[in-house]
Amino acid sequence: MNTPSGNKFARVGVAVAIAVAMAIGSGAGSVAAASITFGTPTASSSFGKGVTFRQPFSSGATFREVDIAITDARSFGPAVVRIDAPGVSSFTYVLDALSANLRPNTQLVARFEVTLADGTVEIGPDIRVTYQDDRFKWRTKVGTIVRLHWYDGDEAFAQQALLMGEKGISNAATFLGFKETAPVDFYVYSDQSSFYDALGPDARDNVGGRAIPETRTLFALIAPGDISYASTVVPHELTHVVFGDITRNPYHQPVNWLNEGIAVYVSQGFDSSDKQLVEQAAADGSLMPLSAIRGMFPTTQDRFFLAYAESVSAVDYFVRTYGREDLVKLVKAFGTGASDDEAFTAAIGLGVDGFDAAWMKANGVTALRSFGPQPAPTGRATANSTSGSSGGSSNGLPVVPLLAAAAVLVGLLLVVVLMFRRARSRGAS
Ligand SMILES: [Zn+2]
């Protein structure tokens, strides 16, 4: 925010007084005027590179420190970065797209903060900029809530996608008992590589859409004319935006299976293919407990799809058992920053593990093979007793594989030396 001018003058007055006092006290010949005047700042965005902030200034003062504070819609407070070489007439800072994980339509507000030699802090004006995907000539269609941006395909395709978006957000808001009023930007990409570039380096495989609820932005990969795929991905991603609006808090993220499960439930229901995946996993013992999909979903394709199927299955079970109103209660509880247990208990009087067990039981599963970290072995193994038979050693390093690796390395070294000698002798002949 801008510093009110009255305050600023008062502070400059005090600073000058201190500077004069210091000059008199120290007998110094010259003391820089402790003040700075900020010019009109600029910011420019370039897709794939980042955003350059520039703040012209005039000052004869010595700076103790210059920082830039950048507020991003995705965070709860500004990120402050120290400017190492401030320059003589303007401050410049480049926010790197990759390291800041910038995605198109990220709104940023930045300002330069200058600490003068006497400790006075002067704050520059706000610089507002939106990081954009400038590789395409985007066209835009505006609905009641949704603003559809597309670059490929005709007007009719865009109109259909926009209507799907409007209907999707309205269905999701009704289902979750919420009223959406702020606009949502919906970007349609028609080719996979441009779409993945927009999502950034953390994009997962098998993804056709991505919602960033914090920036109220949705990205989807839809080939022009592929309206049937659009009819699933658009309401799915928009449900994430509504879910994000209800649950956003700085303390605790809701379990991921609930977020994904509701998105699938609202956009396509618990359909026969997902039912089949869950039934089969329950029958062959490969069903994952819901606790396994509280965070990121697995990356292998079969487990990735099973994770979605289980998520919608759990939401379907919840709605059938407790009703939609209790599901709304659960989602709203997450919005208060409640822990998983607190949120579930507030909604249904049962903790998250209790719900997990009930859902598994409903699928005919009572005991699961457990993977992942295992309890530490009891008793202490020694090098003498174990290295010969199992390859273990007292410090936990496997002795036999290490010896084998050393032997292979020595062998490789010999081969390299021999080849080198031969090559030299060939070159000489
Ligand atoms: Zn999703």
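Coordinate-derived values only; no laboratory data. Not measured: the values here are computed from a predicted model. Every residue, glycine as well, gets a Cβ built from its backbone with ideal geometry; the counts of neighbours run over all protein chains shown.
Some observations on this one:
- Relative exposure of 306, 277, judged by other C-beta atoms within 10 Å (fewest first): 277, 306
- Rounded to 5, percent antiparallel among DSSP beta bridges of segment 139-362: 45 percent
- When both bridge partners sit in segment 138-190, DSSP labels roughly 45% of those beta bridges antiparallel.
- Based on the Stokes-Einstein relation at 20 °C and a viscosity of 1.002 mPa s, and on the Kirkwood radius from alpha carbon pairs, segment 139-362 is assigned a translational diffusion coefficient of 119 µm²/s.
- Paramagnetic reach from residue 336 in segment 231-265 [backbone N under 16 Å; point 7 Å along Cα→Cβ]: 246-254
- Grouping the Cα pair distances of segment 123-179 into 10 Å bins from zero gives a pair-distance distribution of 20, 34, 27, 16, 4 percent in increasing distance order.
- Kirkwood hydrodynamic radius of segment 66-139, from inverse mean 1/r over distinct Cα pairs, in Å: 13.8 Å
- Across segment 78-221, the volume of the C-alpha convex hull divided among the residues equals 163 Å³ per residue.
- Among 196-205, 219-228, sorting by the average number of other beta carbon atoms lying within 10 angstrom of each residue, highest first, gives 219-228, 196-205.
- Per-residue Cβ neighbour counts within 10 Å put 111, 248 in the sequence 248, 111, beginning with the fewest.
- 20 Å tail of the calculated P(r), segment 233-342, as % of Cα pairs: 38 percent
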